[in-house]
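Since the structure comes first, as C-alpha coordinates, the remarks are kept for the end.
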Amino acid sequence: MKNPVDIAVTGAAGQISYALLFRLAAGEFLGEDQPINLYLLEIPSAMSALNGVVMELNDCAYPLLNRVITTDDPNVAFHNVDYAFLVGARPRGAGMERKDLLECNAEIFSVQGKALNEVANKNVKVLVTGNPANTNALIALNNAPNLKSKNFTAMTMLDHNRTINQLAEKSGVKATDIKNVIIWGNHSNTQYPDIHHAKIKGQNALDLVDNDWFIDELIPAIQQRGATVIKARGQSSAASAATAAIKQMRLWALGTPDGDWVSMALLSDGSYGIEKGLIYSFPVTVSQGEISIVQGLDINALSLEKMKITEKELHEEKEAIKHLL
Ligand code: NAD
Ligand code: LMR
(Lines give C-alpha, C1' and ligand atoms only; values in the text may rest on other atoms or scores of the structure.)
(Ligands and ions follow the chains in the order given, each with its own letter.)
Protein backbone atom coordinates (compact mmCIF):
# COMPACT_ATOMS: atom_id res chain seq x y z
CA MET A 1 0.00 0.00 0.00
CA LYS A 2 1.24 3.54 -0.81
CA ASN A 3 1.81 6.09 1.96
CA PRO A 4 -1.24 8.29 2.57
CA VAL A 5 -1.35 11.72 0.93
CA ASP A 6 -2.56 14.67 2.99
CA ILE A 7 -5.56 16.56 1.64
CA ALA A 8 -7.07 19.70 3.20
CA VAL A 9 -10.66 20.72 2.54
CA THR A 10 -11.98 24.03 3.85
CA GLY A 11 -15.65 24.70 4.42
CA ALA A 12 -15.85 21.01 5.18
CA ALA A 13 -19.34 21.16 6.71
CA GLY A 14 -20.78 23.02 3.72
CA GLN A 15 -22.85 21.69 0.87
CA ILE A 16 -20.08 21.30 -1.74
CA SER A 17 -17.93 19.44 0.77
CA TYR A 18 -20.82 17.11 1.53
CA ALA A 19 -20.64 16.04 -2.11
CA LEU A 20 -16.81 16.12 -2.22
CA LEU A 21 -15.47 14.39 0.88
CA PHE A 22 -17.11 11.01 0.33
CA ARG A 23 -15.81 10.84 -3.20
CA LEU A 24 -12.28 11.77 -2.12
CA ALA A 25 -12.45 9.03 0.50
CA ALA A 26 -13.74 6.53 -2.07
CA GLY A 27 -10.65 7.06 -4.23
CA GLU A 28 -12.16 9.10 -7.03
CA PHE A 29 -9.39 11.70 -6.87
CA LEU A 30 -6.10 9.78 -6.88
CA GLY A 31 -7.27 6.24 -7.46
CA GLU A 32 -8.27 3.18 -5.52
CA ASP A 33 -4.74 2.33 -4.42
CA GLN A 34 -4.01 5.70 -2.78
CA PRO A 35 -4.83 6.09 0.93
CA ILE A 36 -5.57 9.60 2.15
CA ASN A 37 -5.61 11.67 5.31
CA LEU A 38 -8.30 14.37 5.36
CA TYR A 39 -7.65 17.67 7.14
CA LEU A 40 -11.02 19.38 7.50
CA LEU A 41 -11.21 23.10 8.28
CA GLU A 42 -14.32 24.89 9.51
CA ILE A 43 -15.25 27.94 11.52
CA PRO A 44 -15.98 27.32 15.21
CA SER A 45 -19.77 27.61 14.84
CA ALA A 46 -19.78 24.79 12.25
CA MET A 47 -17.66 22.31 14.21
CA SER A 48 -20.68 20.40 15.50
CA ALA A 49 -22.04 19.94 11.97
CA LEU A 50 -18.54 18.93 10.85
CA ASN A 51 -18.40 16.26 13.57
CA GLY A 52 -21.60 14.83 12.10
CA VAL A 53 -19.99 14.69 8.65
CA VAL A 54 -17.00 12.88 10.14
CA MET A 55 -19.32 10.35 11.79
CA GLU A 56 -20.79 9.63 8.37
CA LEU A 57 -17.34 9.36 6.76
CA ASN A 58 -16.35 6.85 9.45
CA ASP A 59 -19.61 4.95 8.99
CA CYS A 60 -18.65 4.31 5.36
CA ALA A 61 -15.64 2.22 6.52
CA TYR A 62 -13.68 3.40 3.48
CA PRO A 63 -10.54 1.28 3.00
CA LEU A 64 -8.57 4.31 1.73
CA LEU A 65 -9.48 6.75 4.51
CA ASN A 66 -6.54 6.57 6.87
CA ARG A 67 -7.15 9.56 9.20
CA VAL A 68 -9.55 12.48 9.55
CA ILE A 69 -8.42 15.60 11.39
CA THR A 70 -10.92 18.39 12.13
CA THR A 71 -9.89 21.88 13.16
CA ASP A 72 -10.79 25.57 13.08
CA ASP A 73 -7.10 26.52 12.79
CA PRO A 74 -5.72 26.90 9.24
CA ASN A 75 -2.19 26.22 10.52
CA VAL A 76 -3.34 22.78 11.62
CA ALA A 77 -5.48 22.17 8.54
CA PHE A 78 -2.69 22.93 6.08
CA HIS A 79 0.22 21.35 7.96
CA ASN A 80 2.35 19.55 5.33
CA VAL A 81 -0.64 19.03 3.05
CA ASP A 82 -0.09 17.96 -0.56
CA TYR A 83 -3.45 19.20 -1.84
CA ALA A 84 -5.77 21.94 -0.57
CA PHE A 85 -9.34 22.33 -1.75
CA LEU A 86 -10.30 25.89 -0.68
CA VAL A 87 -14.08 25.61 -0.73
CA GLY A 88 -15.05 27.44 2.48
CA ALA A 89 -16.59 30.82 1.65
CA ARG A 90 -20.03 32.32 1.58
CA PRO A 91 -22.11 31.45 -1.51
CA ARG A 92 -24.21 34.07 -3.30
CA GLY A 93 -27.97 34.16 -3.18
CA ALA A 94 -30.50 35.06 -5.89
CA GLY A 95 -29.93 38.47 -7.46
CA MET A 96 -26.25 38.68 -6.46
CA GLU A 97 -23.18 38.51 -8.69
CA ARG A 98 -20.21 36.46 -7.50
CA LYS A 99 -18.05 39.58 -7.15
CA ASP A 100 -20.56 40.89 -4.56
CA LEU A 101 -18.99 38.24 -2.30
CA LEU A 102 -15.55 39.82 -2.41
CA GLU A 103 -16.13 41.96 0.64
CA CYS A 104 -17.14 39.06 2.91
CA ASN A 105 -14.90 36.34 1.46
CA ALA A 106 -11.62 38.04 0.49
CA GLU A 107 -10.20 38.12 4.02
CA ILE A 108 -10.60 34.32 4.32
CA PHE A 109 -8.13 33.84 1.46
CA SER A 110 -5.60 36.25 2.87
CA VAL A 111 -5.56 34.34 6.19
CA GLN A 112 -5.44 30.97 4.44
CA GLY A 113 -2.73 32.10 1.98
CA LYS A 114 -0.53 33.05 4.95
CA ALA A 115 -1.15 29.72 6.66
CA LEU A 116 -0.40 27.75 3.48
CA ASN A 117 2.78 29.76 3.17
CA GLU A 118 3.87 28.82 6.67
CA VAL A 119 2.95 25.17 6.97
CA ALA A 120 1.96 23.49 3.67
CA ASN A 121 4.18 21.18 1.64
CA LYS A 122 6.16 23.43 -0.75
CA ASN A 123 4.69 21.50 -3.71
CA VAL A 124 1.13 21.84 -2.48
CA LYS A 125 -1.54 22.16 -5.16
CA VAL A 126 -4.15 24.70 -4.07
CA LEU A 127 -7.50 24.78 -5.86
CA VAL A 128 -9.72 27.77 -5.03
CA THR A 129 -13.44 27.13 -5.44
CA GLY A 130 -14.90 29.71 -3.02
CA ASN A 131 -16.23 32.72 -4.92
CA PRO A 132 -15.20 34.96 -6.50
CA ALA A 133 -12.75 32.17 -7.19
CA ASN A 134 -10.22 33.90 -9.48
CA THR A 135 -9.63 36.89 -7.26
CA ASN A 136 -9.70 34.82 -4.07
CA ALA A 137 -6.94 32.68 -5.59
CA LEU A 138 -4.98 35.85 -6.37
CA ILE A 139 -5.28 36.91 -2.73
CA ALA A 140 -4.16 33.51 -1.43
CA LEU A 141 -1.22 33.41 -3.84
CA ASN A 142 -0.05 36.91 -2.94
CA ASN A 143 -0.13 36.04 0.74
CA ALA A 144 2.06 32.99 0.18
CA PRO A 145 5.40 34.39 -1.06
CA ASN A 146 7.31 31.21 -0.17
CA LEU A 147 5.13 29.15 -2.50
CA LYS A 148 5.32 29.38 -6.27
CA SER A 149 2.48 31.03 -8.14
CA LYS A 150 2.04 27.78 -10.07
CA ASN A 151 0.90 26.13 -6.81
CA PHE A 152 -2.44 27.97 -7.18
CA THR A 153 -5.35 27.60 -9.57
CA ALA A 154 -8.98 28.71 -9.42
CA MET A 155 -11.82 26.55 -10.62
CA THR A 156 -13.32 27.08 -14.05
CA MET A 157 -13.75 23.35 -14.67
CA LEU A 158 -17.45 23.59 -13.85
CA ASP A 159 -17.89 26.12 -16.66
CA HIS A 160 -15.80 23.88 -18.92
CA ASN A 161 -18.03 20.87 -18.13
CA ARG A 162 -21.17 22.95 -18.62
CA THR A 163 -19.97 23.97 -22.08
CA ILE A 164 -19.15 20.39 -23.03
CA ASN A 165 -22.59 19.27 -21.92
CA GLN A 166 -24.50 21.97 -23.79
CA LEU A 167 -22.52 21.42 -26.97
CA ALA A 168 -23.08 17.66 -26.71
CA GLU A 169 -26.82 18.14 -26.15
CA LYS A 170 -27.10 20.55 -29.07
CA SER A 171 -25.30 18.26 -31.47
CA GLY A 172 -26.82 15.01 -30.20
CA VAL A 173 -23.54 13.37 -29.20
CA LYS A 174 -22.02 12.17 -25.93
CA ALA A 175 -19.97 14.48 -23.72
CA THR A 176 -16.92 12.30 -24.46
CA ASP A 177 -17.27 13.18 -28.17
CA ILE A 178 -16.52 16.85 -27.41
CA LYS A 179 -12.93 18.10 -27.16
CA ASN A 180 -11.05 21.39 -26.91
CA VAL A 181 -13.66 23.80 -25.55
CA ILE A 182 -12.20 26.79 -23.70
CA ILE A 183 -13.28 28.98 -20.83
CA TRP A 184 -11.41 32.29 -20.96
CA GLY A 185 -11.20 34.68 -18.03
CA ASN A 186 -13.25 35.03 -14.89
CA HIS A 187 -15.60 32.53 -13.24
CA SER A 188 -18.34 35.14 -13.54
CA ASN A 189 -20.93 36.36 -15.98
CA THR A 190 -18.18 37.90 -18.15
CA GLN A 191 -16.45 34.56 -18.76
CA TYR A 192 -16.07 33.62 -22.40
CA PRO A 193 -16.94 30.03 -23.31
CA ASP A 194 -15.21 29.66 -26.68
CA ILE A 195 -15.94 26.84 -29.15
CA HIS A 196 -13.88 28.16 -32.08
CA HIS A 197 -11.33 25.38 -31.52
CA ALA A 198 -13.76 22.76 -30.25
CA LYS A 199 -14.19 19.43 -31.99
CA ILE A 200 -17.26 17.22 -32.15
CA LYS A 201 -16.19 13.67 -33.02
CA GLY A 202 -13.09 15.21 -34.58
CA GLN A 203 -14.94 17.76 -36.73
CA ASN A 204 -14.88 21.52 -36.14
CA ALA A 205 -17.78 22.37 -33.82
CA LEU A 206 -18.65 25.54 -35.68
CA ASP A 207 -19.09 23.56 -38.91
CA LEU A 208 -21.77 21.52 -37.13
CA VAL A 209 -23.62 24.01 -34.92
CA ASP A 210 -25.01 27.36 -35.90
CA ASN A 211 -22.88 30.43 -35.15
CA ASP A 212 -26.00 32.34 -34.00
CA TRP A 213 -26.74 29.60 -31.47
CA PHE A 214 -23.16 29.89 -30.18
CA ILE A 215 -23.35 33.69 -29.80
CA ASP A 216 -26.96 34.20 -28.74
CA GLU A 217 -27.63 31.08 -26.69
CA LEU A 218 -24.55 29.14 -25.61
CA ILE A 219 -22.43 32.04 -24.37
CA PRO A 220 -25.15 33.64 -22.17
CA ALA A 221 -26.34 30.22 -20.97
CA ILE A 222 -22.88 29.34 -19.63
CA GLN A 223 -22.31 32.83 -18.24
CA GLN A 224 -25.61 32.59 -16.35
CA ARG A 225 -25.65 28.88 -15.51
CA GLY A 226 -24.72 29.35 -11.86
CA ALA A 227 -27.55 31.85 -11.38
CA THR A 228 -29.97 29.57 -13.24
CA VAL A 229 -29.13 26.72 -10.87
CA ILE A 230 -29.58 29.00 -7.84
CA LYS A 231 -32.99 30.09 -9.14
CA ALA A 232 -34.09 26.49 -9.59
CA ARG A 233 -32.60 24.91 -6.44
CA GLY A 234 -32.69 27.85 -4.07
CA GLN A 235 -29.01 27.07 -3.39
CA SER A 236 -25.91 27.23 -5.51
CA SER A 237 -24.54 24.25 -7.36
CA ALA A 238 -22.93 21.66 -5.11
CA ALA A 239 -22.61 18.18 -6.63
CA SER A 240 -21.55 19.54 -10.02
CA ALA A 241 -19.07 21.84 -8.27
CA ALA A 242 -17.62 18.90 -6.32
CA THR A 243 -17.33 16.91 -9.57
CA ALA A 244 -15.48 19.78 -11.22
CA ALA A 245 -13.17 20.22 -8.22
CA ILE A 246 -12.20 16.53 -8.29
CA LYS A 247 -11.67 16.67 -12.06
CA GLN A 248 -9.53 19.83 -11.96
CA MET A 249 -7.34 18.54 -9.12
CA ARG A 250 -7.10 15.03 -10.63
CA LEU A 251 -6.00 16.30 -14.04
CA TRP A 252 -3.57 18.70 -12.34
CA ALA A 253 -2.06 15.83 -10.33
CA LEU A 254 -2.14 13.07 -12.95
CA GLY A 255 -2.08 14.93 -16.30
CA THR A 256 -4.46 15.74 -19.14
CA PRO A 257 -5.28 13.21 -21.85
CA ASP A 258 -3.55 13.37 -25.25
CA GLY A 259 -5.41 15.41 -27.86
CA ASP A 260 -7.45 17.49 -25.43
CA TRP A 261 -7.00 20.36 -23.04
CA VAL A 262 -9.04 21.70 -20.13
CA SER A 263 -9.68 25.15 -18.68
CA MET A 264 -8.08 26.27 -15.45
CA ALA A 265 -7.64 29.75 -14.02
CA LEU A 266 -4.02 30.51 -13.17
CA LEU A 267 -1.68 33.46 -12.91
CA SER A 268 -1.43 35.12 -16.31
CA ASP A 269 2.08 35.23 -17.75
CA GLY A 270 0.93 37.58 -20.53
CA SER A 271 -0.17 34.79 -22.89
CA TYR A 272 -2.70 35.99 -25.49
CA GLY A 273 -1.97 39.57 -24.38
CA ILE A 274 -3.78 39.09 -21.06
CA GLU A 275 -2.51 41.36 -18.30
CA LYS A 276 0.16 39.64 -16.21
CA GLY A 277 -0.71 39.12 -12.56
CA LEU A 278 -4.40 38.32 -12.95
CA ILE A 279 -5.81 34.86 -12.27
CA TYR A 280 -7.34 34.23 -15.68
CA SER A 281 -8.79 31.03 -17.14
CA PHE A 282 -6.85 29.62 -20.11
CA PRO A 283 -6.82 26.36 -22.04
CA VAL A 284 -4.13 24.24 -20.40
CA THR A 285 -2.44 20.87 -20.59
CA VAL A 286 -0.74 19.19 -17.65
CA SER A 287 2.22 16.85 -17.68
CA GLN A 288 3.94 15.51 -14.53
CA GLY A 289 2.03 17.99 -12.37
CA GLU A 290 3.15 21.03 -14.41
CA ILE A 291 0.50 23.17 -16.08
CA SER A 292 1.21 24.72 -19.50
CA ILE A 293 -1.01 27.28 -21.19
CA VAL A 294 -1.86 26.11 -24.71
CA GLN A 295 -0.07 28.54 -27.04
CA GLY A 296 -0.57 29.67 -30.61
CA LEU A 297 -4.35 29.42 -30.98
CA ASP A 298 -5.89 31.76 -33.57
CA ILE A 299 -8.00 34.38 -31.86
CA ASN A 300 -10.50 36.26 -34.01
CA ALA A 301 -11.81 39.76 -33.34
CA LEU A 302 -14.97 38.55 -31.60
CA SER A 303 -12.98 36.32 -29.24
CA LEU A 304 -10.45 39.04 -28.52
CA GLU A 305 -13.22 41.46 -27.59
CA LYS A 306 -14.80 38.95 -25.21
CA MET A 307 -11.44 37.98 -23.69
CA LYS A 308 -10.77 41.66 -22.99
CA ILE A 309 -14.16 42.21 -21.30
CA THR A 310 -13.50 39.48 -18.76
CA GLU A 311 -9.89 40.63 -18.31
CA LYS A 312 -11.19 44.12 -17.47
CA GLU A 313 -13.49 42.74 -14.81
CA LEU A 314 -10.61 40.82 -13.21
CA HIS A 315 -8.50 43.95 -13.28
CA GLU A 316 -11.28 45.83 -11.45
CA GLU A 317 -11.66 43.04 -8.87
CA LYS A 318 -7.91 43.16 -8.27
CA GLU A 319 -8.08 46.92 -7.73
CA ALA A 320 -10.89 46.44 -5.19
CA ILE A 321 -8.80 44.08 -3.01
CA LYS A 322 -5.32 45.49 -3.55
CA HIS A 323 -4.99 46.19 0.22
CA LEU A 324 -4.99 42.39 0.70
CA LEU A 325 -2.22 41.64 -1.80
P1 NAD B 1 -21.88 26.55 2.05
O2 NAD B 1 -22.35 27.81 2.70
O3 NAD B 1 -22.78 25.38 2.01
O4 NAD B 1 -20.54 26.07 2.76
C5 NAD B 1 -19.48 26.94 3.00
C6 NAD B 1 -18.82 26.48 4.27
O7 NAD B 1 -17.64 27.26 4.45
C8 NAD B 1 -19.69 26.68 5.51
O9 NAD B 1 -19.82 25.46 6.21
C10 NAD B 1 -18.90 27.72 6.32
O11 NAD B 1 -19.02 27.52 7.74
C12 NAD B 1 -17.49 27.47 5.82
N13 NAD B 1 -16.56 28.60 6.04
C14 NAD B 1 -16.83 29.92 6.03
N15 NAD B 1 -15.73 30.61 6.34
C16 NAD B 1 -14.75 29.71 6.52
C17 NAD B 1 -13.39 29.82 6.88
N18 NAD B 1 -12.80 31.00 7.11
N19 NAD B 1 -12.66 28.68 7.00
C20 NAD B 1 -13.22 27.49 6.79
N21 NAD B 1 -14.53 27.31 6.48
C22 NAD B 1 -15.27 28.41 6.33
O23 NAD B 1 -21.36 26.95 0.61
P24 NAD B 1 -21.09 25.99 -0.64
O25 NAD B 1 -22.33 25.85 -1.41
O26 NAD B 1 -20.37 24.78 -0.18
O27 NAD B 1 -20.13 26.93 -1.52
C28 NAD B 1 -18.85 27.29 -1.08
C29 NAD B 1 -18.23 28.33 -2.01
O30 NAD B 1 -18.01 27.76 -3.31
C31 NAD B 1 -19.14 29.55 -2.25
O32 NAD B 1 -18.33 30.73 -2.26
C33 NAD B 1 -19.71 29.29 -3.63
O34 NAD B 1 -20.13 30.47 -4.26
C35 NAD B 1 -18.51 28.67 -4.31
N36 NAD B 1 -18.76 27.91 -5.53
C37 NAD B 1 -17.85 28.02 -6.55
C38 NAD B 1 -18.00 27.31 -7.71
C39 NAD B 1 -17.01 27.42 -8.84
O40 NAD B 1 -17.28 26.89 -9.92
N41 NAD B 1 -15.84 28.05 -8.67
C42 NAD B 1 -19.11 26.46 -7.86
C43 NAD B 1 -20.02 26.37 -6.82
C44 NAD B 1 -19.84 27.10 -5.66
C1 LMR C 1 -21.63 28.23 -9.97
O2 LMR C 1 -21.13 28.60 -11.04
O3 LMR C 1 -22.56 27.41 -9.94
C4 LMR C 1 -21.07 28.75 -8.69
O5 LMR C 1 -20.09 29.71 -8.91
C6 LMR C 1 -22.12 29.24 -7.75
C7 LMR C 1 -22.70 30.56 -8.20
O8 LMR C 1 -22.75 31.48 -7.39
O9 LMR C 1 -23.12 30.66 -9.36
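Here is a list: LEU116, LEU167. Which entry is away from ligand 1 (no atom under 15 Å from the Cβ) and surrounded by 23 or more Cβ atoms within 10 Å (Cβ to Cβ)? So that I can check it myself, show each step before the final result.
On the way: LEU116 fails: away from ligand 1 (no atom under 15 Å from the Cβ).
When all the criteria are applied, what remains is LEU167.
If you scan the range 273-284, which residues turn out to be touching a Ser or Thr at 6+ places or on another chain (Cβ under 8 Å) and surrounded by fewer than 18 Cβ atoms within 10 Å (Cβ to Cβ)?
If we filter the range 273-284 for residues that are touching a Ser or Thr at 6+ places or on another chain (Cβ under 8 Å), which is where we start, we get 274-284.
Answer for the range 273-284, where residues must be touching a Ser or Thr at 6+ places or on another chain (Cβ under 8 Å) and surrounded by fewer than 18 Cβ atoms within 10 Å (Cβ to Cβ): GLU275, LYS276.
Matching residues to (1) without any contact (Cβ under 8 Å) to a residue 12 or more places away in the chain; (2) within 19 Å of TRP261 (Cβ to Cβ); (3) under 14 Å from the mean Cα position of the chain (by Cα):
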| position | (1), (2), (3) |
| --- | --- |
| LYS122 | no, no, no |
| ASP159 | no, yes, yes |
| SER188 | no, no, yes |
| LEU218 | no, yes, no |
| GLN224 | no, no, no |
Worksheet entry | Selected residue (only one of ILE215, ILE200, ILE178 is within 27 Å of ILE279 (Cβ to Cβ), buried (at least 21 other Cβ atoms within 10 Å of the Cβ), more than 16 Å from ligand 1 (Cβ to nearest atom) and assigned by TED's automatic domain parsing to the domain that holds GLY270) | ILE178
Discussion item. Which condition from (1) away from ligand 1 (no atom under 11 Å from the Cβ); (2) under 27 Å from PHE29 (Cα atoms); (3) surrounded by fewer than 23 Cβ atoms within 10 Å (Cβ to Cβ) is the one that TYR83 breaks?
Written reply: (3)
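Being among the β-branched types (Val, Ile, Thr) and over 26 Å from the mean Cα position of the chain (by Cα) is the filter here; which residues of the range 29-72 pass it? Even if it seems obvious, please write down each step before you answer.
First, pick out the residues of the range 29-72 that are among the β-branched types (Val, Ile, Thr): 36, 43, 53-54, 68-71.
Those that are among the β-branched types (Val, Ile, Thr) and over 26 Å from the mean Cα position of the chain (by Cα): none in the range 29-72.
Which residue is farthest from ligand 2 (Cβ to nearest atom), if the candidates are limited to the range 211-225 and must be polar (S, T, N, Q) and part of a helix (DSSP H, G or I)?
Initial filter on the range 211-225 (polar (S, T, N, Q)): 211, 223-224.
Right, trim to part of a helix (DSSP H, G or I) and you get 211, 223.
Working: ASN211: 25, GLN223: 10 Å.
Filtering first and then ranking leaves ASN211.
Which members of the range 243-283 meet the condition of being within 16 Å of ligand 2 (Cβ to nearest atom) and not in a helix (DSSP H, G or I)? Please lay out each step first, then the result.
Start the filter on the range 243-283 by keeping residues that are within 16 Å of ligand 2 (Cβ to nearest atom), which leaves 243-248, 263-265, 279, 281.
Within the range 243-283, SER263, MET264, ALA265, ILE279, SER281 meet the criteria.
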Item to complete: Filter the range 112-140 down to residues that are within 16 Å of ligand 2 (Cβ to nearest atom) and over 19 Å from THR156 (Cβ atoms), then give me how many there are.
Response: 0
Fill in: Subset of the range 81-111 [over 17 Å from ALA13 (Cα atoms), in a helix (DSSP H, G or I) and either away from ligand 2 (no atom under 11 Å from the Cβ) or of a type outside the set (Lys, Arg) (or both)]
ASP100, LEU101, LEU102, GLU103, CYS104, ALA106, GLU107, PHE109, SER110, VAL111
Worksheet entry | Which numbered condition ILE164 fails, given (1) assigned to a helix (DSSP H, G or I); (2) under 19 Å from the mean Cα position of the chain (by Cα); (3) outside the structural domain of TRP252 (by TED's automatic domain parsing) | (3)
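Every residue in the range 44-77 that is of a type in the set (A, V, I, L, M, F, W, C) and within 11 Å of ligand 1 (Cβ to nearest atom), please. If you could, list the steps in order and put the result at the bottom.
Step one: filter the range 44-77 for residues of a type in the set (A, V, I, L, M, F, W, C), giving 46-47, 49-50, 53-55, 57, 60-61, 64-65, 68-69, 76-77.
Passing the criteria: ALA46, MET47, ALA49, LEU50, VAL53, ALA77.
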Response to the item:
Pairs returned, first residue in the range 265-291 that is on the phi > 0 side of the Ramachandran plot, second residue that is basic (Lys, Arg), beta-carbon separation under 6 angstrom, 6 or more apart or interchain, are GLY270/LYS276
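Please determine whether any residue of the range 226-242 is within 12 Å of ligand 2 (Cβ to nearest atom), among the basic types (Lys, Arg) and in contact with an Asp or Glu (Cβ under 8 Å, 6 or more places away or on another chain).
Taking the range 226-242 first, the residues within 12 Å of ligand 2 (Cβ to nearest atom) are 226-233, 235-242.
Adding the requirement that they be among the basic types (Lys, Arg) leaves 231, 233.
Then drop every residue that is not in contact with an Asp or Glu (Cβ under 8 Å, 6 or more places away or on another chain), which leaves none.
The answer is no; no qualifying residue exists.
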Fill in: Residue selected from the range 228-242 under the condition within 11 Å of ligand 1 (Cβ to nearest atom) and assigned to a helix (DSSP H, G or I), by the criterion surrounded by the most Cβ atoms within 10 Å (Cβ to Cβ)
ALA242
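The values are calculated or read from the model by the stated rules, or taken from the named source; none is laboratory data. Bear in mind the structure is a predicted one, so any value in this text is a computation, not a measurement. When we count neighbours, we look across all protein chains shown, and the Cβ atoms used for this are built from the backbone with ideal geometry, even at glycine.
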